[in-house]
1. Roughly speaking, what is the centre-to-centre gap between region 278-308 and region 209-277 when only Cα atoms are used, to the nearest Å?
2. Give the cross-link partners of K78 among the lysines, using a straight C-alpha distance below 21 Å as the criterion and excluding same-chain residues fewer than 8 apart.
3. Using 28 Å as the Cα-Cα cut-off, could you pick out the over-long pairs in K6/K73; K178/K273; K7/K51?
4. For region 2-86, report the accessible area per residue in Å² (1.4 Å probe, heavy atoms, rounded to an integer).
5. Would you mind pulling out the separation of the Cα centroids of region 179-193 and region 1-67, in Å?
6. If you place +1 on the Cβ of every Lys and Arg, -1 on the Cβ of every Asp and Glu, and leave all else neutral, what size is the dipole of region 1-157 about its Cα centre, to the nearest 20 Debye?
7. Along Cα→Cβ, 7 Å out, is where each label goes; now give me the distance between the ones at D322 and V49 in nm to one decimal.
8. Could you give me the ³J(HN,Hα) list for region 284-290, computed from phi with Karplus coefficients 6.51, -1.76, 1.60 and θ = phi - 60°, whole Hz, x at Gly and Pro?
Amino acid sequence: MLDEIKKIRTEVESRLADIKNSDGVENFRLDYLVKKGSIQSLFDRLKDVPKDEKPLVGKELNLLRSFAEENYKSLKEKFENSKETISELDLTLPGRKEFTGSHHPVLQTMREMNEIFIKMGFSIAEGPDIEDEYHNFDALNFPPDHPARDMQDTFFIESENKLLLRTHTSPVQIRVMKEMKPPIRCIMPGRVYRNEAINARSLAEFHQIEGLYIDKHVTFAELKGTLIQFAKKMYGENSKFRFRPSFFPFTEPSAELDITCFLCGGEGCRVCKYSGWLEIAGCGMVHPNVLKECGIDPEVYSGYAFGFGIERVTMLRTGIDDIRLLYENDVRVLEQF
Ligand code: DAH
């Protein structure tokens, strides 16, 4: 029996010396350390050993088992952490990219526009998305038969007090002027709704930033200066702008601000309807009727107002030429910004 123990010991030693990887370690365990392995089968035969030899044989067997177990353990550890195992990985594989979230491009634009106006001394005011006809139309000097009031443009809510989804952010002007005393210098960002057919240029739900400045002796020159200053900060010093006479019931005189088309650089294309210009804001001097309606004396105070479409500004900055892409929220589009 002692000879057999010796023989297995020599076998174990040479097997250990040959082990080169974790598969070799596992095969060693299966051959020697499991219940049916060769060391345990020697233990099984211990009962047949004559009594006086038992202590010595038992001791030798225990030594053999602990020798095999200790070496097994240390080799197992070695190969688990060793280069041998790591080299089985392909270290040239690129890492997995984490998807990081970001703000929606429309929100990014809105925040950047807010930031520029805040630096120019404007503060931020907000109003409700569900408005009434008075704030959305009447107080803004829309005549009772104005086509914008039509069901085709406005989402009315069935209610006693003529509620509707605001069609522009201008009603917030009314709320601000009724609440505050001049001087007033505010911007009013928010979502607006129109019953429009959805296509590449228009959505039924979009965003605007309204602006309002009321004080003594405010002039149209200040309006122009402020908007050009803002637009240069937003689009770069070299961008070209023009003011074009227009009409809004709540401003007199009224104008629209155009910027050179981002796609064709002014040559004329599909996006700018071959004019070379894109409209980015409506503006004008607040109509005396509107001031009066809000309890501000038009003989003492004057002011200007403006309204930007935020989606339009976002399209100009990102080069997105279909407004629907801003609404569908396809991650493949959004993750680019
Ligand atoms: N509310 C107008 C619209 O939705 C935009 C606008 C034009 C706002 C002129 C103004 C303004 O404050 O002065 O088309």
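The values are calculated or read from the model by the stated rules, or taken from the named source; none is laboratory data. Given the structure is predicted, the values throughout are model-derived calculations rather than measurements. Cβ placement follows ideal geometry from the backbone for every residue including glycine, while neighbour counts extend to all protein chains displayed. Just the protein is used for accessible areas: all its heavy atoms, side chains included, with ligands, DNA and RNA removed. Shrake-Rupley method; radii C 1.70, N 1.55, O 1.52, S 1.80 Å.
1. Using only Cα atoms, the two centres lie 16 Å from each other.
2. Answer for K78, where 21 Å is the Cα cut-off: K20, listed by chain and number.
3. Values: K6/K73 21 Å; K178/K273 40 Å; K7/K51 22 Å.
Among K6/K73; K178/K273; K7/K51, the Cα-Cα distance tops 28 Å for K178/K273.
4. Averaged over the residues of region 2-86, the accessible area is 70 Å².
5. 89 Å
6. Numbers: 23 positive and 32 negative charges, 419 e Å.
For this selection, approximately 2020 debye.
7. 8.5 nm
8. Coupling constants for region 284-290: x, 8, 4, 5, x, 4, 5 Hz.
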